[in-house]
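One structure is given here, and the rest of the page talks about it.
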């Protein structure tokens, strides 16, 4: 649940940020969709890398194939994925999202870990109060 929630929150944050940037910059709906799809794909790849560390050659191979298929789909199946060509400015924006994706996943995971610890402490305190005051 922790990893699924981390991935979901990371994707929600990136899509929300891209939507705000798209509205401020006046991008078309197709450009926003393309930026969101690329950002979601990169966040998903970062989550896979976090959940399954690339320690063995088989994992590295599987991750490399997944990354390659993602790039292949973006480059050669643009019509199927409803992608458009990005402008220079949009390419810079998605490059920034690609660079910070791994950090966003790590920070989101840590924050969720803190909430999980607080929740556990709260449950333990409630259980202790019930045992003391029957």
(message) Can you show me the helix-derived [θ] at 222 nm for the chain, built from DSSP H runs with n ≥ 4 at -39,500 (n - 2.57) apiece and divided by the number of residues, rounded to the nearest 500.
(response) -30500 deg cm²/dmol
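In nm², what is the average projected area of the convex hull enclosing the Cα atoms of the chain? Walk me through the numbers on the way to the answer.
Numbers: hull surface 46.2 nm².
Averaged projected hull area, Cα only: 11.5 nm².
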(message) If I fit a long axis through the Cα atoms of helix 88-132 and take the longest principal axis of the Cα atoms of the chain, what angle between them do I get, 0 to 90°, rounded to 10?
(response) 10 degrees
(request) State whether region 43-107 is rounded, prolate or oblate according to the following rule on the C-alpha gyration tensor (a ≥ b ≥ c being the square roots of its eigenvalues): a/c under 1.5 gives rounded; otherwise a/b larger than b/c gives prolate, and the remaining case gives oblate. (result) oblate
(request) Calculate how steeply helix 57-76 sits against the longest principal axis of the alpha-carbon atoms of the chain, using the helix alpha-carbon long axis, and give the answer as 0 to 90 degrees to the nearest 10. (result) 50 degrees
(message) Let me make sure I get this right: for region 1-79, a, b and c are the square roots of the gyration tensor eigenvalues over alpha carbons, sorted descending. Under 1.5 in a/c it's rounded, otherwise prolate if a/b > b/c, else oblate. Which is it?
(response) oblate
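Expressed as a rounded percentage, what relative contact order does the chain have, with Cα pairs under 8 Å and six or more residues apart? The partial results should precede the final answer.
Numbers: 72 pairs, mean separation 48.8, N = 134.
So the answer I get is 36 percent.
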(request) For the chain, find the longest principal axis of its Cα atoms and tell me its angle to the long axis of helix 29-51, 0 to 90°, nearest 10. (result) 50 degrees
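Fully extended, how many nm does the chain gain between residue 12 and residue 67 (0.36 nm per residue separation, minus their Cα-Cα distance)? Show your work: numbers first, answer last.
Numbers: separation 55, 0.36 × 55 = 19.80 nm, distance 2.11 nm.
Gain on stretching residue 12 to residue 67: 17.7 nm.
Taken together, the values in this text are just the output of simple stated rules run on the coordinates, not laboratory data. From a predicted model like this one, the values you see are computed outputs, not experimental measurements.
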